[in-house]
Amino acid sequence: MIVTRKSISRRTVLRGMGAAVSLPLLDAMIPALTAAQKTPAKPVRRLAVVYHPNGVVYENWLPKGVGADFELSRVLAPLAPFRDRVVVITGLADRQAEALGDGGGDHSRASGSYLTGVHVKKSDTIVQNSVSMDQIAARTFERETQLSSLQLTVDNNNLVGSCDVGYSCAYSNTLSWLTPTLPLMSENDPRVVFERLFGSSDSTDPRVRAMRLRQDRSLLDSVTERVQQLQRRLGAADNTKVSDYLESLRDVERRILKAEEQSARELPEVDRPVGIPDAFDEHVRLLYDLKVLAFQCDLTRVTTFMYGREQSARTYPQLGIPDPHHQLTHHQNDPEKLEKCTKIQTHHTALFAAYLEKLRSTADGEGSLLDHSVILYGAGLSNSDRHTHSPLPTVVVGGGAGSIKGGRHLVYPEGTPLTNLHVTLLDKVGVPVDKLGDSTGKFSELLS
């Protein structure tokens, strides 16, 4: 790299018609003095949470062996290419998701308390929780990014009233709580997420948005000239990074437009958000790709993602499973239902693995996005048939910028608070806290 006295600002944004395209970290963004001294830039750490609803078939999720000498289970087998970055953790519990005198409602309590570690209030109209772990991190990072956090889900989130035995739907529709009484609703429409990240018209009126789409002018087309001007100032390596990043951005935009065209053509009378693919797999991949782009251009450093809300009745015809997911999870040890549940869980893991591969293949400073991220993958229910909250299926993936040692299965005493892991992961992304919910300590074993 040619070292000059100038560098491009880390916050360089290419602006076009209603668009603001942030750039990934480039060599030219590293201060000249730092580059001359060959001092590596301090990596940016990121936190992501991926949630699987309705529990698991635990015996098909649990790995064999402990420590470094373990064998991935059938459900976790898709993570084999990332074994050196995977830490499987068993023995964790969310005791605050248990009834504690409130009766039914395990599903709402499972997701409601997953990142807070407190017992949520049972009420159709009043919500009471605590600040969630992801939002503690978001408060620290928000000074550096355009969005403090990003909450995504595959399910529609417009239900109101009671979702589960007298509990507000807020507990089912999101994992993120900005305050004890303010949940951050998750978004499932890729178009809305895209515009939140990269700009749109000033109006959220659907008619205005539709008019903008009819202009047949892509976000990237509106900044083409500025991209060309920028690339004349960059070296070969930076030009490659910019080209790869913009190609990924264009691909996501193209897929969203295609989904919108298909939605309008095939289901003209259905009242549904624009831009949501009919196919579950494509929907998930689009949302995952948007998460990668958000990390790549440092628009946010904190994301949550839900494959679905608790009690999700989604069917999986692509797997040959027409049965509603939630109904299947009450399997009563029926072998056929157990097999279908396992197929669904394995499929979710495979889609997650594809997301990890994109993180691993995306350069970020001296490493990759996967090297510098901490990703929690798990569920708030264990045995789905019995609605148990211990031991919870839990996996941590990513390097945490050198703060996490992978390739292990860590086993803790049964009943160890899940929140002990949360405060540990906050440490790993540089946001130390003493306590969260019912936490009793931190895990030193994640590093050594």
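The values are calculated or read from the model by the stated rules, or taken from the named source; none is laboratory data. Since we're looking at a predicted model, the values are computed, not measured. Here the Cβ is made from the backbone with ideal geometry for all residues, glycine too, and neighbour counts use every protein chain on show.
Among all positions in the range 44-51, there is no residue which is over 25 Å from the mean Cα position of the chain (by Cα), at pLDDT below 95 and of a type outside the set (S, T, N, Q).
Pairs are defined by a Cβ separation below 7 Å, a sequence spacing of at least 6 or placement on different chains, a first member in the range 144-155 that is closer than 21 Å to LEU286 by Cα, and a second member that is crowded, with 21+ Cβ neighbours inside 10 Å and of a type in the set (Phe, Trp, Tyr); the pairs so defined are SER148/PHE141; LEU152/PHE305; VAL154/TYR307. Looking at LEU197, LEU159, LEU147, LEU178, just one residue is at pLDDT below 95, aliphatic (A, V, I, L, M), in contact with a Leu (Cβ under 7 Å, 6 or more places away or on another chain) and in a loop (DSSP other than H, G, I, E, B), and that residue is LEU147. Scanning the range 289-329 for residues that are in contact with a His (Cβ under 6 Å, 6 or more places away or on another chain) and in contact (Cβ under 8 Å) with a residue 60 or more places away in the chain gives TYR307, GLU310, GLN311, SER312, ARG314. If the condition is being closer than 13 Å to HIS347 by Cβ and surrounded by fewer than 21 Cβ atoms within 10 Å (Cβ to Cβ), then the range 284-330 contributes ARG285, ARG314, THR315, TYR316, PRO317, GLN318, LEU319, GLY320, ILE321. Listed by first and then second residue, the pairs with beta-carbon distance under 6 Å, at least 6 apart or on different chains, first residue in the range 65-76 and closer than 19 Å to HIS347 by Cα, second in a strand (DSSP E or B), are GLU71/LYS64; GLU71/GLY65. Figure legend. Inter-residue proximity from the range 383-407: first residues farther than 21 Å from GLN345 by Cα, second residues assigned to a strand (DSSP E or B) and of a type in the set (Gly, Ala, Ser), beta-carbon distance below 9 Å, spacing 6+ or different chains. Indicated pairs: GLY399/GLY367; GLY399/SER368; GLY399/SER373; GLY400/SER373; ALA401/GLY367; ALA401/SER373; GLY402/GLY367. Give the range 325-364 a look and list any residue that's part of a helix (DSSP H, G or I) and acidic (Asp, Glu), or say none. Result: GLU336, GLU339, GLU357.
For the range 281-317, a residue qualifies if it is within 11 Å of the chain's Cα centre (by Cα), within 27 Å of CYS163 (Cα to Cα) and in a helix (DSSP H, G or I), and the qualifying residues are VAL284, LEU287, TYR288. Contact map, the range 127-141: residues that are in the same structural domain as LEU426 (by TED's automatic domain parsing) paired with residues that are charged (D, E, K, R) and surrounded by fewer than 19 Cβ atoms within 10 Å (Cβ to Cβ), Cβ distance under 9 Å, separation 6+ or inter-chain. Pairs shown: VAL127/LYS121; GLN128/LYS121; ASN129/LYS121; VAL131/ARG139.
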